[in-house]
Amino acid sequence: MYIPPNHPRRESLLLRERIVQGYKKGIVALEGLIAHGRGECFDYLLGEKTHDFAIKAIEAAAASIITAKHPVISVNGNTAALVPREIVELAEVSGAKIEVNLFYRTREREEAIANWLKQHGAEEILGVGDDASATIPELFSERRRVSPRGILIADVVLVPLEDGDRTEALRKMGKTVIAIDLNPLSRTARAATITIVDNVVRAMPLLIEKIKFLKNKPREELLGIIRRYDNNRVLQEALKTIMTRLADLSKSKLVLEFK
Ligand code: PTJ
């Protein structure tokens, strides 16, 4: 679809287009279009920018991924459609494994996502077909099926755009869960160890840069970043930011004038 270069909502429309194309390629679930819309709404409330609370979470996430023994990036349809290059680069800079893990699981979509990531330079993709032979206990959605070489043995799992159940199940298994979710009230956001309340398209490049920056720092310094991190405070700050923005806007002139 043609989007004029001067359209005031161009960036947002381009992202929508990536999701729609992802759906047409068999990567994104139909329900993924709805999930994207919910994300757009929260992004609007956040002013469509990365805030300090997200930067703090990105720093703690980078430190956790660098110090992990078995970090895994869990990929679903929306994430694959929006940030395929960044998923591959993140895996390269951090040594994390990439695993496809779908809520609306079909063999066709698993394979479409794996092929799409390979087109963007990925070498190994876990969780496709018979590779997802292990099971996460107490989880009844299709997300319970995981790779024994990936999420099952991971100590740190990055879960962009997740549904809440699996985050809780992974936490109960003792794993560090890093969520990227624009909704600070979602169960995922509240159950994760570290929640990056930001758009995945802004957060992923920042996470890659932060990992490059922190990679060679002493381990004790990285563990200090993780120890000092407070996810509850980060979620509270995200909510306060939304409230303050809305309070300020409610006092300002909202109508557009045309002369
Ligand atoms: O590909 P599948 O089958 O694994 O399905 C993926 C979706 C996303 C459809 C599935 O996990 C789902 O239904 O998720 P939910 O429960 O709708 O949650 C998605 C969360 O992601 C919501 O809290 C949205 O606000 C948030 N979100 C949507 N778009 C973005 C986002 N967060 C960050 N960046 C976005 N671009």
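The values are calculated or read from the model by the stated rules, or taken from the named source; none is laboratory data. Since the structure is predicted, the reported quantities are computational estimates derived from the model, not experimental observations. In this analysis, Cβ positions are derived from the backbone assuming ideal geometry, glycine residues included, and neighbour counts consider all displayed protein chains. These area figures cover heavy atoms from the full protein model, side chains too; ligands, DNA and RNA do not enter into them. Shrake-Rupley method; radii C 1.70, N 1.55, O 1.52, S 1.80 Å.
Applying the criterion of being crowded, with 22+ Cβ neighbours inside 10 Å and part of a loop (DSSP other than H, G, I, E, B) to the residues of segment 70-98, the residue that is nearest to the ligand (Cβ to nearest atom) is Asn76. So for segment 23-37 (the condition being surrounded by fewer than 13 Cβ atoms within 10 Å (Cβ to Cβ) and within 17 Å of Pro84 (Cα to Cα)), does at least one residue qualify? The answer is yes, given that some residue of segment 23-37 is surrounded by fewer than 13 Cβ atoms within 10 Å (Cβ to Cβ) and within 17 Å of Pro84 (Cα to Cα).
Within segment 9-25, identify whether any single residue is within 9 Å of the ligand (Cβ to nearest atom), under 25 Å from Thr106 (Cα atoms) and among the hydroxyl-bearing types (Ser, Thr, Tyr), and answer yes or no. Within segment 9-25, not a single residue is within 9 Å of the ligand (Cβ to nearest atom), under 25 Å from Thr106 (Cα atoms) and among the hydroxyl-bearing types (Ser, Thr, Tyr).
Of all residues in segment 182-201 being without any contact (Cβ under 8 Å) to a residue 40 or more places away in the chain and either in a strand (DSSP E or B) or touching a strand residue (DSSP E or B) at 6+ places or on another chain (Cβ under 6 Å) (or both), which is surrounded by the fewest Cβ atoms within 10 Å (Cβ to Cβ)? Show your work before the answer.
Step one: of segment 182-201, the residues without any contact (Cβ under 8 Å) to a residue 40 or more places away in the chain are 186-188, 191-192.
Of the ones still in play, those that are also either in a strand (DSSP E or B) or touching a strand residue (DSSP E or B) at 6+ places or on another chain (Cβ under 6 Å) (or both) are 188, 192.
Values: Thr188: 22, Ala192: 29.
Once the filter is applied, the top-ranked residue is Thr188.
Quick check on this structure: which one of Ile19, Ile73, Ile34, Ile66 is touching a His at 6+ places or on another chain (Cβ under 8 Å) and either under 30 Å from Ala154 (Cα atoms) or not aliphatic (A, V, I, L, M) (or both)? Step through it out loud before you land on a result.
On the way: Ile73 fails: touching a His at 6+ places or on another chain (Cβ under 8 Å); Ile34 fails: touching a His at 6+ places or on another chain (Cβ under 8 Å); Ile66 fails: touching a His at 6+ places or on another chain (Cβ under 8 Å).
Only one candidate passes the filter, namely Ile19.
Among residues of segment 105-140 being within 12 Å of the ligand (Cβ to nearest atom) and in contact with an Asp or Glu (Cβ under 6 Å, 6 or more places away or on another chain), the one that is modelled with the lowest pLDDT is Arg105.
Scan segment 40-57 and give yes if some residue there is open to solvent by 80 Å² or more (accessible area, probe 1.4 Å) and free of Cβ contacts under 8 Å to residues at least 24 places away in the same chain, otherwise no. Yes, segment 40-57 contains at least one residue that is open to solvent by 80 Å² or more (accessible area, probe 1.4 Å) and free of Cβ contacts under 8 Å to residues at least 24 places away in the same chain.
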